[in-house]
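Engineer: After the structure tokens below, expect a handful of questions from me.
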Amino acid sequence: MILKSSFFGVLVLSIGAVLVGAAFTVRAGQTNAPDTQADWAQVPEILKRISAPEFPARDFVITDFGAVGDGRTDCTAAIAQAISVCVEKGGGSVIVPAGIFLTGAIHLKSNVNLHLAATNSVLRFRTDPSAYLPAVFTRFEGTELYNYSPLIHALGQKNVAVTGDGILDGQADASNWLAWKKTAARARLVKMADENVPVEQRQFGAGDDLRPDFIEFNRCQNVLVAGVHIRRSPMWEIHPLLCTNVTVRDVDISSHGANNDGCDPESCRDVLIEKCRFDTGDDCIAIKSGRNNDGRRVGVPSADLIIRDCAMRDGHAGVAIGSEISGSCSNVFVEDCEMSSPELVCALRLKSNAMRGGVLQNIFMRNVQVGLVKDSVLQVDFLYEEGAHGDFPPVAKNIVMENITVAQTPRVLNVRGFPAAQISGVRICHSTFKQIQRPDVVVDADVQLVDCSLAQAN
């Protein structure tokens, strides 16, 4: 049962909430309300460091290099030649005109913008795994290896982009890429990383069934993904990895396969994700920094990320931090987003365990409208997968949600820690929650609700 407040501004606690080893406090009015003005004041400074790359006004149309937009002709070589000539001429835009162009892996180079020029410009990616070999240096779920090339890939480049109004179609379904789940190769890779096998010896590819990401920029500077529509991805859709100065803008993603995260900035700094629409089979946005020993070995956190004006539909979380977060994460700012779906598990999710560890700190969300979520508004799961067994208990601190308006949620909080971990300074302030159906869960955590209004389902 949940008591219903009779007037705005008074918070009432769920009767029967599960509170195990927890410090769970409730305040009315402004008592203990955090002052986050200084934190949010960092946003303009971060934005000053983020700017979309610019490209010379030179166009290289792929049909001039032999590409045929009939949906049957393999255009991989023609696209590669257009990119090569673009680089030789000092950079510009490689243009995909109207038509359906079948291709294998596309490898971008510095000063190249892959531009889909029309709404009916389609890059349709082959489902033959051999089209993504030879293997490239990448990460699979936070672990470094050599594996199938992402469908669109750039390694160590500067000023690179994928833009336009067209469609990127990975053609993934249960008959091809999506049949590859929890393979023996995945377990073998995790074991190799745990045993500190050199990355050069982690050679995977044909027969190993480790799916590639759709778009991956690896160790790049000045990255832009804008305007495109992404469909039917094998795995993570947009994966900036160890990048600086990243902009993801006006992208429309609808892809519901397993592990189909929408955007996964991993070990990146200075990232702006704005005005995007996510409808995904996993987290809409998931911030990461490497898995277990491998993440700690590389040791590069994700930091200074801004997410704003986005819409989230299906997905495990609107915004997630983790679970591959061993390199830590700090300074995430989420604002002015809209989320709602019966298949959206939660609005904000932090996840790790005692093998992955990581410090997740200074995470801020404000002015978010939530229609319907499946489990909770805030979920912190520090028992994710491997649980409390390990030597690296995770830390979450200074997590603040403000002005969150929720029309319907089973519960507000689902926070699960363990004694060796730290979950502290978690505060939800000045927010309204309606149609609550079940008690909150808070285990081994310090959580405060300040000046909120809660109402039970009728």
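Engineer: Residue farthest toward the positive end of the dipole of the chain, with Cβ of Lys/Arg at +1 and Asp/Glu at -1: which of PHE418, VAL380, ILE79?
Structural biologist: Farthest towards the positive pole: PHE418.
Engineer: Moving on to the next point. Suppose every Lys and Arg Cβ carries +1 and every Asp and Glu Cβ carries -1, with no other charges. What dipole size does the range 293-339 come out with about its Cα centre, to the nearest 20 debye?
Structural biologist: Numbers: 4 positive and 8 negative charges, 58 e Å.
That gives the range 293-339 a dipole magnitude of about 280 debye.
Engineer: 7 Å from Cα along Cα→Cβ at both ALA41 and LYS158: what's the point-to-point distance in nm?
Structural biologist: In this crude spin-label approximation the distance works out to 3.4 nm.
Engineer: Once you charge only the Cβ atoms, +1 for Lys and Arg and -1 for Asp and Glu, what is the size of the charge dipole of the chain about its Cα centre, to the nearest 20 debye? Mind showing how you got there, number by number?
Structural biologist: Details: 43 positive and 52 negative charges, 75 e Å.
Charge dipole of the chain: 360 debye, to the nearest 20.
Engineer: Using only the alpha-carbon atoms, what does the range 139-186 span along each of its principal axes? Please give whole angstrom values in decreasing order.
Structural biologist: On the principal axes, the range 139-186 reaches 37, 26, 14 Å in Cα extent.
Engineer: Just to confirm the number: angle between the C-alpha axis of helix 76-88 and the first principal axis of the chain, 0 to 90 degrees, nearest 10?
Structural biologist: 90 degrees
Engineer: Moving on to the next point. With a Cα-only, solvent-free Debye model of the chain, what are the log10 I(q)/I(0) values at q = 0.10, 0.14 Å⁻¹?
Structural biologist: Normalising to I(0) and taking log10 leaves -0.70, -1.27.
Engineer: Would the range 123-203 count as rounded, prolate or oblate if I go by the C-alpha gyration tensor, calling it rounded below 1.5 in a/c and otherwise prolate when a/b exceeds b/c, oblate otherwise? Intermediate values should be presented prior to the final figure.
Structural biologist: On the way: a/c = 2.52, a/b = 1.39, b/c = 1.81.
Oblate.
Engineer: On to the next question. Roughly speaking, what is the centre-to-centre gap between the range 292-317 and the range 117-162 when only Cα atoms are used, to the nearest Å?
Structural biologist: So the two Cα centres are separated by 20 Å.
Engineer: Here's something else I'd like to know. Counting pairs of Cα atoms in the range 345-401, how many percent are more than 17 Å apart?
Structural biologist: Details: 701 of 1596 pairs.
Counting pairs separated by more than 17 Å, the tail of P(r) holds 44 percent.
Engineer: If you line up the long axis of helix 184-194 against the longest principal axis of the chain, both from Cα atoms, how many degrees apart are they, to the nearest 10?
Structural biologist: 70 degrees
Engineer: Please compute the length gained on full extension between ASP64 and VAL197, using 0.36 nm multiplied by the number of residues separating them and subtracting their Cα-Cα distance. Numbers along the way, then the final one.
Structural biologist: Values: separation 133, 0.36 × 133 = 47.88 nm, distance 4.56 nm.
Stretched out fully, the ASP64 to VAL197 stretch lengthens by 43.3 nm.
Engineer: Here's a follow-up. Could you give the nm distance between label points at VAL300 and GLN369, where each point is 7 Å from its Cα heading toward the beta carbon?
Structural biologist: About 3.8 nm, to one decimal.
Engineer: Follow-up question, since we're still on this one. Check cross-link reach from LYS275 to the lysines: straight Cα distance under 22 Å, and skip same-chain residues fewer than eight apart.
Structural biologist: LYS275 reaches LYS48, LYS288.
Engineer: Given 0.36 nm per residue, what is the gain on full extension from SER110 to ALA206 after removing their alpha carbon distance, in nm? Could the numbers behind the result be given before it?
Structural biologist: On the way: separation 96, 0.36 × 96 = 34.56 nm, distance 2.86 nm.
Taking SER110 through ALA206 to full extension adds about 31.7 nm, to one decimal.
Engineer: Students often forget the sequence filter, so: which lysines lie under 18 Å Cα-Cα from LYS109 once same-chain residues fewer than 8 apart are removed?
Structural biologist: Excluding near neighbours in sequence, the set is LYS89, LYS158.
Engineer: Between the range 212-238 and the range 328-379, how many Å separate their Cα centres?
Structural biologist: 21 Å
Engineer: Let me ask another. I want to check the label-to-label distance for THR119 and GLN408. Put each point 7 Å from Cα in the C-beta direction and report it in nm to one decimal.
Structural biologist: Going from the THR119 label point to the GLN408 one covers 3.1 nm.
Engineer: What is the percent carbon and sulfur in the accessible area of the chain, measuring with a 1.4 Å probe over the protein chains and ignoring ligands?
Structural biologist: On the way: 7990 of 16130 Å².
The nonpolar share, carbon plus sulfur, comes to 50 percent.
Engineer: Right, another one. In the range 368-458, which GluC sites (Glu not before Pro) fall in coil by DSSP and have 14 or fewer other Cβ atoms within 10 Å? Please report the intermediate quantities before stating the final value.
Structural biologist: Details: sites: GLU385, GLU386, GLU402; in loops: GLU385, GLU386.
Here the GluC sites (Glu not before Pro) that fit, given the DSSP loop and packing criteria, are GLU385, GLU386.
Engineer: For the range 353-434, what is the charge dipole size about the Cα centre, in debye to the nearest 20, if Lys and Arg each add +1 at the Cβ and Asp and Glu each add -1 at the Cβ? Before the final figure, lay out the partial values.
Structural biologist: Details: 8 positive and 6 negative charges, 69 e Å.
Using Cβ point charges on Lys, Arg, Asp and Glu, the range 353-434 gives about 340 debye.
Engineer: For the range 283-398, what is the accessible area per residue in Å², given a 1.4 Å probe and the full set of protein chains? Each step should come with its number before you reach the end.
Structural biologist: Working: 3040 Å² over 116 residues.
On a per-residue basis, 26 Å².
Engineer: Also, I was wondering about something else. Amide H of ARG58: which non-local residues (sequence gap of 5 or more, or other chain) have their own amide H closer than 5 Å, using H built in the peptide plane?
Structural biologist: Correct list: SER93.
Engineer: If you roll a 1.4 Å probe over the heavy atoms of the protein chains, what accessible area per residue do you get for the range 91-247, in Å²? Don't skip to the answer; put the middle values down first.
Structural biologist: Numbers: 5050 Å² over 157 residues.
Accessible area per residue, the range 91-247: 32 Å².
Engineer: List the extent of the Cα atoms of the range 253-323 along each of their three principal axes, largest first, rounded to whole Å.
Structural biologist: So the three principal-axis extents are 35, 26, 13 Å.
The values are calculated or read from the model by the stated rules, or taken from the named source; none is laboratory data. Note that this is a predicted model, so its numbers are computed, not measured. Note that each Cβ is placed from the backbone with ideal geometry, even for glycine, and that neighbours are counted across all protein chains shown. Note: areas computed on protein heavy atoms with side chains; ligands, DNA, RNA excluded. Shrake-Rupley method; radii C 1.70, N 1.55, O 1.52, S 1.80 Å.
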